[in-house]
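Below is one structure, written out as structure tokens; the observations come after it.
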Amino acid sequence: MLQVSVLKAAPERVKQQLKKKNFKQPELVDRIIGLDDARKKIQAGYDEIQSKINTASKEIGMMMGKGDKAGAEAIKMQVTAWKLELEPLRESMVETEKQLVDTLILLPNLPADEVPEGKTPEENEIVRTGGAIPVLGADAVPHWELATRYNLINFELGNKITGSGFPVYIGKGAKLQRSLIQFFLDFNTAAGYTEYLPPFMVNAESAYATGQLPDKEGQMYHATEDNLYLIPTAEVPVTNVYRDTILKESDFPVKMTAYSPCFRREAGSYGKEVRGLNRVHQFEKVEIIQIVHPEKSYEVLEEMVVHVEKLLQRLELPYRILRLCGGDMGFASAITYDFEVYSAAQQRWLEVSSVSNFESFQSNRLKCRFKGADGKTQLVHTLNGSALALPRIVACLLENNQTESGIVLPKVLQGYFGGAGI
RNA sequence: GGUGAGGUGGAUGAGCGGCUGAAAUCAGUAGUUUGCUAAACUGCCGUACGGGUUAAACUGUACCGCGGGUUCGAAUCCCGCCCUCACCGCCA
């Protein structure tokens, strides 16, 4: 959620920025400013009357103490009259405030200056690429066939137990998952991230604070009996560690990493987009999160991008880093870098990580602030990224490293896996 | 699932209709002092939205889990909800 003060400081510039994000109702900016002004005016009137009532009530107390019953009664009459004036003001204040928040919540975060213009994924900017795209033999097959051939993943079994999009990992397939998780967590903690193992379900308050509610309600599985949501990413529980807190500058940077399964309903997908591991309802992911001083967030963003890049290099996978264009970015993000790895058998790029700076958009709802050197509290900046999401990494590892005699794993995984390949 | 207790500022915890935005202690912070380590003493130390100021000072309102109610006046009384803890039952 944006701060009203940001809109007020430069409404026209905000509208321009919203346009870049492909937001269709820039007029809401003026509406919000109007509502805020109205709210202030109403509150000023309300406060004034309330102040008179408070003063009068104290007088009554003193008169009663002195035994001046008649005097007290006279003031009581006056207070009753004021209270009648107060009621409509209170109603319109609550109503205006509700409208203000309801409208403000519709505005996406503003894109950073370096975010490219554009509306579709085709307009994303390729920042750099790395690794070599392997040349596969004519008999190369996609990962879902390899998974079956070596009995690593059973998709049909998942259908039986739960439903489509819930793959069952078996034997070496399961161990590969565990190896990757272990490797990622080790790599992240070595870089100074503190490991968390968070709850995999969250309450509505937490889901709201990180922005999953109300925007993406349909995306999450909801256990209605207990009103809890299955997390779509570890970002939700882990970022909420710092909900309603005021940090000191010396607490920066807060660096957290967490493994979790992620649950996503992913309505509306179809065809080869969802084949095999390309898109599933439950998958494993290791997330990195930082909470930092606002002046440092872009520096930290670069650091996180390099960190994720190193992971891909260690895995020896061909990758590319995209800077998303305004129209393709997420609602809460000020800038996002997507990481894609090349799936050699499917001959397409698959997204495996997304690193974003939310600036103060998330911390505003999260109420995560810090007290600066000047003694003023202000909002922190939050950033997060996947490091990494497993399914598509597994897809590429299988496809790109397939040989006639089996699948060769990158060196970095061999120790974790307990073998050179499958 | 049953029974009981309770939710107060960063923490512990007092207050149980007006003198309480809230004692005290601890932590934090600024300073004084003693030769260091350390201790003692003194001041400061909640958040949000307003007014005010170059900036402060100062000042209005709200907030003692959340939402209602009673009252001239509520942290304090009443109702509903949420949550936590303890014991019992069940269970990994």
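Values in this text are rule-based calculations from the coordinates and carry no lab data. The structure presented is a predicted model; accordingly, all values stated were derived computationally and were not measured. A quick note on method: Cβ atoms are made from the backbone with ideal geometry, for glycine too, and the neighbour counts reach across all protein chains shown.
See the values below:
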| item | result |
| --- | --- |
| Rel. contact order, % - alpha carbon contacts under 8 angstrom, at least six apart, segment A:4-104 | 35 |
| Over chain A: Kirkwood hydrodynamic radius from C-alpha pairwise inverse distances, Å | 24.4 |
| Highest-fluctuation residue, A:LEU398, A:LEU89, A:LEU247 considered, GNM on chain A with Cα pairs under 10 Å | A:LEU89 |
| ³J(HN,Hα) computed for each position of segment A:151-158 - Karplus, 6.51 cos²θ - 1.76 cosθ + 1.60, integer Hz, glycine/proline x | 6, 9, 9, 10, 6, 5, 4, x |
| Net charge, A:VAL94 excluded, C-beta distance under 14 Å - Lys, Arg +1, Asp, Glu -1 | -2 |
| Estimated dipole of chain A in Debye, rounded to 20 [Cβ of Lys and Arg +1, of Asp and Glu -1, Cα centre] | 380 |
| Residue exposure sequence - A:LYS66, A:LYS83 - by fewest surrounding Cβ within 10 Å | A:LYS66, A:LYS83 |
| Sequence-distant residues sharing a close amide H with A:SER354 (under 5 Å, placed H) | A:PHE339, A:SER386 |
| Whole-Hz ³J(HN,Hα) from phi, Karplus 6.51 cos²θ - 1.76 cosθ + 1.60, for segment A:183-190, glycine and proline x | 4, 4, 5, 4, 5, 6, 5, 5 |
| In sequence order, calculated HN-Hα J values of segment A:125-138 (Karplus, 6.51, -1.76, 1.60; Hz; x Gly/Pro) | 9, 7, 7, 6, 10, x, x, 9, 6, x, 9, 8, x, 5 |
| Over segment A:269-342 - Rg/Rh using Cα atoms and the Kirkwood inverse-distance radius | 1.00 |
| Least to most buried among A:ASP47, A:ASP328 (fewest other Cβ within 10 Å first) | A:ASP47, A:ASP328 |
| Which of A:LEU350, A:ALA334, A:THR245, positive extreme of dipole for segment A:245-363 (C-beta unit charges) | A:LEU350 |
| Farthest toward positive dipole pole in chain A [+1 Lys/Arg, -1 Asp/Glu at C-beta], among A:HIS143, A:PHE361, A:ALA223 | A:ALA223 |
| Ranking of A:THR162, A:THR120 by count of other Cβ atoms within 10 Å, fewest first | A:THR120, A:THR162 |
| Estimated 222 nm signal from helices in chain A, with DSSP H stretches of n ≥ 4 weighted -39500 (n - 2.57), rounded to 500 | -13500 deg cm²/dmol |
| Linear extension gain, A:HIS222 paired with A:ALA70, 0.36 nm per residue minus alpha-carbon span | 48.7 nm |
| Debye, to nearest 20: dipole size of segment A:4-104, +1 on Lys, Arg Cβ, -1 on Asp, Glu Cβ | 520 |
| Additional length obtainable on full extension of the chain from A:LYS371 to A:GLU117, 0.36 nm per residue less Cα span | 87.9 nm |
